[in-house]
Amino acid sequence: MRCLILDDEPLALDLLEDSLKHVNTIQVVARCRNAGEAILAMQNEQIDLIFSDIYMPGINGLQFIRSLTQKPMVIFVTAYEKFAVEGFELDVVDYLVKPVPLDRFLKACHKALDLYELRRSYVPQQVTKNYFFLHADYNLVKINFDQVEYIEGLKDYIKVHLINQQKPVLSRISLKAIELQLPADQFFRVHKSYLVNLDHVSQMRRARIKLVNTEIPLSDGYRDVINRMIGKV
């Protein structure tokens with residue numbers, strides 16, 4: 001497993017690298033002292049796991065990880081306990097508080113390795129159906145993929161906006177959860193609150209995506225999605 005270590009203190013980077021010498025299945029391929037160096041390294045290297053400090057000059061560790069659209073596994077290694085809740089909200093593998101005992105560090109590494117192996121062994125089933133079901137108004141509603149123009153996330157709820165129906169379907173489910181049920185080559189997250197159906201996209205420009213009946217904002221953090229939508233990556 002290939003990892004990147006990120007900390008603005010050279011001594012902290014040395015300590016991380018020394019600790020990782022005890023884990024022969026994790027290889028350090030990049031040492032970075034700020035988010036800019038980390039972004040550049042990720043453009044040139046395949047990174048499976050990031051060990052990141054949080055409190056750094058400029059872009060901090062939380063902001064850096066939050067900005068990634070295709071996120072590797074992450075373990076935060078920081079001197080501050082107060083960011084733990086924000087850290088785990090980013091679905092990190094673990095949150096370590098300095099100074100980190102070696103046994104605690106190795107436990108976090110093993111968690112990452114287990115997750116890495118699980119992901120490698122997972123073979124997704126081929127999607128052959130063209131519909132999904134949602135609980136709405138005490139009913140189970142069948143919705144065809146091609147009927148969906150876009151889906152709007154509202155905390156624990158979503159609104160599914162349909163092409164030929166003025167009133168959206170409201171369901172108590174997260175946007176992230178419904179995204180997992182949709183074909184990835186048809187539905188794209190273009191904003192933290194919006195999924196769009198590529199079949200109904202008519203125009204794209206710098207900060208907006210035009211659909212059949214409306215326009216959706218394109219968030220800065222999702223600009224690479226444009227390349228995937230047009231088949232460049």
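No lab work stands behind these numbers, since they all come straight from the coordinates. All figures in this text were calculated on a predicted structure; none of them were measured in a lab. Heads up, the Cβs are rebuilt from the backbone with ideal geometry, glycines too, and the neighbour counts pull from every protein chain shown.
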Of the listed pairs 71/210; 111/192; 71/142; 111/159; 111/155; 82/107, those with alpha carbons more than 25 Å apart are 71/210; 111/192; 71/142; 111/159; 111/155
Computed over the Cα atoms of the stretch 188-233, the Rg and Dmax in Å are 9.5, 28
Largest first and rounded to whole Å, the semi-axes √(5λ) derived from the alpha carbon gyration tensor of the stretch 14-62 read 20, 14, 8
Of all stretches in the chain that avoid trypsin sites (Lys or Arg not before Pro) placed in a DSSP loop and having at most 16 other Cβ atoms within 10 Å, the longest is 22-128
Quarter of the surface of the C-alpha convex hull for the stretch 123-184, i.e. direction-averaged projected area in nm², equals 4.5 nm²
Using alpha carbon positions and the Kirkwood radius, the Rg to Rh ratio of the stretch 13-126 is 0.95
Scoring the stretch 93-200 by relative contact order with C-alpha pairs under 8 Å, at least six apart, yields a percentage of 18 percent
Counting only DSSP beta bridges with both partners in the chain, the antiparallel fraction in percent, to the nearest 5, comes to 60 percent
For the stretch 29-85 (alpha-carbon point model, no solvent) the Debye-based log₁₀ I(q)/I(0) at q = 0.15 Å⁻¹ works out to -0.39
The value for the stretch 57-216 (convex hull of the alpha-carbon atoms, volume per residue, Å³) is 152 Å³
